[in-house]
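Novice: So that we are looking at the same thing, I have put the structure below in structure tokens.
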Amino acid sequence: MNTLGSGLKIIGSGTAIADQSLTNQDLSNIVETSDEWIQSRTGMRQRYICSANENLASLGVKAGQKALAMAGLQPDDLDLIILATSTPDDLFGSAAQIQGGLGATRAFAFDVTAACSGFVVGLNVAAQFLRTGVYQRVLLVGGDVLSRWVDWSDRTTCVLFGDGAGAVVLQRQAQDNLLAFEMYTDGSGNGCLNLPYQAVPQPLTAGKTVAQGTYQPITMNGREVYRFAVAKVPEIIEKVLFKAELTTADLDWVILHQANQRIMDAVGDRLAIPLEKMISNVGNYGNTSAASIPLALDQAVREGKIKEGDLIALAGFGAGLTWAASVVRW
Ligand code: ACO
């Protein structure tokens, strides 16, 4: 029986950004938009997108290597790799490509699909394996390459998204630094945000068809998503804090899914959390979906903002609809 205890801690973080920056000015050469419109509605100035030389797995491997280096671990120390993504390089899953790329030969690897909630969902999934003592060390990667799935002629969506990957290493320990989590799904709102497969019936043989279509670009009801986020995110943060027997005043930092500065400001406002505690990098990276929280987390750690012992609320929200929150002690 292992004696390490039934808790866990994040012991390293890392990120990988895509290889091309795309500014608001660049976007105004592609669709009818302007830097002023994008900045005033979203807070975004630029985002990074993958060229054909890069993919989700290559970003995930780089982010994973940096997280392992911070943790002082080797790939072979990992028991499990969880990849939170909605844009795998391979529909069979891309976690195995990251496992292979890292050379983490002992680790089992699988994908979790929960759009922009994916990183927080992945964290809560990883915790189950660590708390039960099944595994000792887990690499959690959140990454997305939504530039592949955006309609670059649709100005209502193409200005919002960027590509990237972030990773954390989680280790089992006696004290539990994941103080509480909450997760919700509301499938009745599924039509608000989709990247749907569109089947095209094709005759196969007498009386039989197959449905060989393709995925359609992202569609979004921006106003509905905005309303959903501003209503549900403050609520879930209050719930997760209540569960952890904490209040907003106890928090050192809040890291929301970086969908839009206006959403983050509205959530901070509703919870009366001072702006300086709300970590934001949406201006530089846009909405990187499952990567956005680990990107912001890693940046704040490396800048020396987040310090040992700090209390952080994380909250993801997006397609599904899903929303998820965790309170962690760094
Ligand atoms: N440039 C210039 N004009 C634009 C653009 C653009 N890129 N996009 C839309 N417009 C126009 C519209 O056509 C509309 O014009 P009209 O009044 O002549 O019809 C006008 O701007 C206003 O459009 P709205 O959609 O009402 O703009 P809104 O103020 O709602 O802002 C936005 C749009 C930024 C998308 C907002 O709704 C929002 O932030 N929603 C949340 C979206 C989000 O965060 N999604 C991702 C979350 S989940 C996930 O991460 C996967």
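Novice: Could you sort the peptides 193-200, 50-57, 91-98 by per-residue average Cβ neighbour count (10 Å cutoff), highest mean leading? Walk me through the intermediate numbers first.
Specialist: Working: 193-200: 13.8, 50-57: 17.8, 91-98: 19.4.
Peptide ranking by packing, descending: 91-98, 50-57, 193-200.
Novice: From the backbone phi of segment 156-169, what are the Karplus-calculated ³J(HN,Hα) couplings (6.51 cos²θ - 1.76 cosθ + 1.60, θ = phi - 60°) in whole Hz, Gly and Pro given as x?
Specialist: Each residue's phi maps through the Karplus curve to give 6, 10, 5, 7, 8, 10, x, 10, x, 8, x, 9, 9, 9 Hz.
Novice: Enumerate the amide H contacts of residue 161 below 5 Å, restricted to partners 5 or more residues apart or on another chain; note that Pro and chain-start residues carry no placed amide H.
Specialist: 287
Novice: Within the accessible area of the chain, what % is carbon and sulfur when the probe is 1.4 Å and the other protein chains stay in place? Write down the numbers at each step before the final one.
Specialist: Numbers: 7160 of 14090 Å².
Solvent-exposed carbon and sulfur of the chain make up 51 percent of the total.
Novice: Specify the longest stretch of the chain that does not include any exposed loop site, a site being one of the trypsin sites (Lys or Arg not before Pro) with a non-H, G, I, E, B DSSP assignment and at most 15 other Cβ atoms within 10 Å.
Specialist: Values: sites that count: 106, 305, 307.
Counting only loop sites that pass the neighbour cut-off, the longest clear stretch is 107-304.
Novice: Which ³J(HN,Hα) values in Hz, rounded to whole numbers, follow from the phi angles of segment 294-304 under the Karplus curve 6.51 cos²θ - 1.76 cosθ + 1.60, where θ = phi - 60° and Gly and Pro get x?
Specialist: x, 4, 5, 5, 4, 4, 5, 5, 5, 6, x
Novice: For the pair residue 53 and residue 29, how long in nm is the line joining their label points, each one 7 Å along Cα→Cβ?
Specialist: Those two pseudo-labels are separated by 1.9 nm.
Novice: On to the next question. Which ³J(HN,Hα) values, rounded to whole Hz and listed in residue order, are derived for segment 20-30 from phi using the Karplus coefficients 6.51, -1.76 and 1.60 in 6.51 cos²θ - 1.76 cosθ + 1.60 with θ = phi - 60°, glycine and proline given as x?
Specialist: For segment 20-30, the Karplus-derived couplings read 10, 7, 10, 8, 4, 4, 4, 5, 6, 8, 9 Hz, x marking Gly and Pro.
Novice: Calculate for the chain the 222 nm mean residue ellipticity that helices alone would give, adding -39,500 (n - 2.57) per DSSP H run of length 4 or more and normalising by residue count, nearest 500 deg cm²/dmol.
Specialist: Values: 10 runs with 102 residues, N = 330.
So the calculated ellipticity at 222 nm is -9000 deg cm²/dmol.
Novice: For the chain, what does the accessible surface come to per residue with a 1.4 Å probe? Please give it in Å².
Specialist: Working: 14090 Å² over 330 residues.
On a per-residue basis, the chain sits at 43 Å².
Novice: Please tell me which of these pairs span more than 21 angstrom C-alpha to C-alpha: 66/305; 239/277; 62/305; 66/239?
Specialist: As for pairs spanning more than 21 Å Cα to Cα, those are 62/305; 66/239.
Novice: With a 1.4 Å probe and all protein chains in place, put 32, 224 in order of accessible area, largest first. If you can, show how the numbers build up before the last one.
Specialist: On the way: 32 150, 224 70 Å².
Highest to lowest solvent-accessible surface, that is 32, 224.
Novice: Expressed in nm², what is the orientationally averaged projection area of the convex hull enclosing the Cα positions of the chain? Intermediate results must be reported in sequence, preceding the final value.
Specialist: Numbers: hull surface 74.0 nm².
That works out to 18.5 nm², a quarter of the Cα hull's surface.
Novice: Along Cα→Cβ, 7 Å out, is where each label goes; now give me the distance between the ones at residue 194 and residue 209 in nm to one decimal.
Specialist: Computed distance between label sites residue 194 and residue 209 equals 1.8 nm.
Novice: Considering the zone a paramagnetic label at residue 247 would reach in this model (a point 7 Å from Cα along the Cα-to-Cβ line), which residues of segment 306-329 have amide N under 12 Å from it?
Specialist: Under cut-off, by backbone N: nothing.
Novice: Taking the Cα centre of the chain as origin, work out the dipole magnitude from +1 charges on Lys and Arg Cβ and -1 charges on Asp and Glu Cβ, in debye rounded to 20. Present the calculation step by step, with values, prior to reporting the outcome.
Specialist: Details: 25 positive and 32 negative charges, 78 e Å.
The calculated dipole for the chain is roughly 380 debye.
Novice: Give the lysines reachable from residue 243 as a straight Cα distance under 20 Å; neighbours fewer than 8 places away on the same chain don't count.
Specialist: Output for residue 243: 9, 232.
The values are calculated or read from the model by the stated rules, or taken from the named source; none is laboratory data. Bear in mind that the values here come from a model prediction, so they are computed numbers and not experimental data. Counting neighbours? That spans all protein chains shown, and the Cβs are built from the backbone with ideal geometry, glycine included. For the accessible areas, the whole protein counts, side chains as well, though only heavy atoms, and no ligand, DNA or RNA atoms are used. Shrake-Rupley method; radii C 1.70, N 1.55, O 1.52, S 1.80 Å.
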